[in-house]
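K.L.:
Here you go, one structure.
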Amino acid sequence: MRNLIKILIKIAPLLLFVLLETVAVVLMVQRSRYHNYAITSTANVVAGGVFEVTSAVTSYFSLGTINNKLALENSNLKNEIEILRKRLSLYNDSIPNAKSDSGFNISYIPAKVIGSSVNKLDNYVTLDKGTDDGIKPDMGVVCSEGVVGIVVTASRHFSVVLPIINSESKISCRLDSSKTLGSLIWHGFDPSYAQLEEIPRHVIVNKGEKVYTSGFSYIFPEGVPVGVVEEVELKDSDSFYYIKVKLNTSFYTISYVDVVNFSEQKELKQLNENITANGQSH
Amino acid sequence: MDRVIRYTVMFIVLVLLQAVLFGNIDYFGFICPYVYVLFFIALPIGFNCYGAMGLAFLMGLLIDIFSCTPGVHIASTVLLAFVRDYWIKVILPHNELGSVEPSMSNLGFGNFIKYSLPLVLAHHLILFFAESWSFTDAWFAIVKAVVNAVITMMLILSYYLIKRK
């Protein structure tokens, strides 16, 4: 008995070590995409608060570039309004009673990035808006340059986005020329490039052609720019292309974003769920 | 008592430094030194092993919360605190120094490097492997760990150089 106690005292540090490491491993294993963000996510108040204070200071340093970007976006939007106005007047002339409110209802919620990383394999972006401002998980996030990612979790005042540059991100995209659908995936290393997968070999892919969102995922509107094809490779044995895409969004300098509020998302999701539920019952 | 306050301040400052400054160094998407290990390098020799592991767990948890990496920093920092105790016994088998605080002037430059570099390296290796959990590219993790361990070491050494002046 005395020997047993002696042994126990001797290996007590080891036991504590094993216990603490087990806790760590359990935390790591439980990290799956939509669960368990609650304990260790930047959406929690302490970390969110600290990030907000630092971003309040550091955001002053990048005001110049942000101004330029906003001015550019402003002018682009103005141009677009003009084009649309012309088109509308054309329609009104030819079809006097045309309905103008067909299609989806999409609105944007502006938000500021208060925390982000690019140097990890699983990067995240933290925003300064949360459920109080209408942000919910599964909403798409875009910036003036292109697609950013998808909201995974939101607290009252903060939300966390899974950006393209996270190994778990998968975004449905479409090639400009052939309109073929593929999935945009990131494999680590360089935050400026991602890979477009599942493009079959019979399709013609050109270097330098643009990649857009497909709009099928009811997360992003159709046609949001994602990037430009930088490298195309097709081995004889492969049935799919290897396509390297240069991302439009610069994750190094990302600061202001828009969260996409797809008002029909719930309805579409419900419909899809009904289909799968019916399929299982047959 | 003075010592307790000093270490508490150091703990808080290092967590904030890591979360706000060093966690945001994005150079080539590759360089991210983890300077908070300095706290465990600087703990007095002969510091209670349970206490060190408890502090390591707390530190790891806080850094994990800031960087959205559940468990990763806990695993590597607890390992660092556990190994540290044994490593000191290997390096200083006849400890004549008592509970001195390890630094370049107290241990000598050679001994200090021998003490701290393997600990930092072990911490970074476990860290980058734990981070890449499902990733197959082991070489990338190793290179990243070694490069960042060297950068962390340089930051730690410069801290002691500045402190001595």
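Every number in this text was worked out from the coordinates using simple rules, so none of it is lab data. What you see is a predicted model; the values in this text were computed from it and never measured. Cβ sites come from the backbone with ideal geometry, for glycine too, and all protein chains shown count toward neighbours.
K.L.:
How many percent of all Cα-Cα pairs in the range B:2-164 sit more than 22 Å apart?
P.N.:
39 percent
K.L.:
For the range A:45-93, what is the convex hull (Cα atoms) projected area averaged across all directions, in square nanometres?
P.N.:
Average projection, Cα convex hull of the range A:45-93: 5.5 nm².
K.L.:
While we're here: Which ³J(HN,Hα) values in Hz, rounded to whole numbers, follow from the phi angles of the range B:75-84 under the Karplus curve 6.51 cos²θ - 1.76 cosθ + 1.60, where θ = phi - 60° and Gly and Pro get x?
P.N.:
The phi angles translate into 4, 6, 6, 5, 4, 4, 5, 5, 5, 3 Hz.
K.L.:
Per residue and in cubic angstrom, what volume does the convex hull of the Cα atoms of the range A:52-195 have? Provide the component values of the computation, followed by the final result.
P.N.:
On the way: hull volume 23.1 nm³, N = 144.
About 160 Å³ per residue, rounded to a whole number.
K.L.:
Same structure again: So how far apart, in nm, are the two label points at A:N68 and A:I109 if each is 7 Å from Cα heading toward Cβ?
P.N.:
3.2 nm
K.L.:
Could you tell me the relative contact order of chain A? Use alpha-carbon pairs under 8 Å, at least six residues apart, and round to a whole percent.
P.N.:
For chain A, the relative contact order is 17 percent.
K.L.:
Could you pull out every residue, at least 5 positions away or on a different chain, whose amide H is within less than 5 Å of the one on A:V148? Hs are placed 1.01 Å off N in the peptide plane, and Pro or chain starts have none.
P.N.:
So A:V148 has HN proximity to A:V141, A:V142, A:C143.
K.L.:
Let me ask something else. Order of A:I135, A:I219 from fewest to most other C-beta atoms within 10 Å?
P.N.:
Numbers: A:I135 23, A:I219 20.
Placing the least packed residue first, the sequence is A:I219, A:I135.
K.L.:
Kindly write out, for the range A:255-269 in residue order, the coupling ³J(HN,Hα) from the Karplus curve 6.51 cos²θ - 1.76 cosθ + 1.60 (θ = phi - 60°), rounded to whole Hz, with x marking Gly and Pro.
P.N.:
9, 10, 9, 10, 8, 7, 9, 8, 5, 8, 4, 4, 4, 4, 5
K.L.:
Hey, another quick one. Scan around A:G227 for amide H atoms under 5 Å from its own, H built in the peptide plane at 1.01 Å from N, and keep only partners 5 or more places away or cross-chain.
P.N.:
For A:G227, the qualifying residues are A:V211, A:N248.
K.L.:
While we're on this one: Measure off 7 Å from each Cα along the Cα-to-Cβ vector at A:S237 and A:K10, then give the distance between these two points in nanometres to one decimal.
P.N.:
5.5 nm
K.L.:
Listing A:K69, A:K266 from the residue with the fewest other Cβ atoms within 10 Å to the one with the most, what is the order? Kindly include the intermediate steps, with their values, before the conclusion.
P.N.:
Numbers: A:K69 17, A:K266 12.
With the sparsest Cβ surroundings first, the list reads A:K266, A:K69.
K.L.:
Could you quote the convex hull projected area for the protein assembly as shown, Cα atoms only and averaged over all directions, in nm²?
P.N.:
Spelled out: convex hull of the Cα atoms, projected over all directions, averaged, 32.0 nm².
K.L.:
Which order do B:Y86, A:Y124, A:Y212 fall in if you start with the one that has the fewest other Cβ atoms within 10 Å?
P.N.:
Going from least to most buried by this count: B:Y86, A:Y212, A:Y124.
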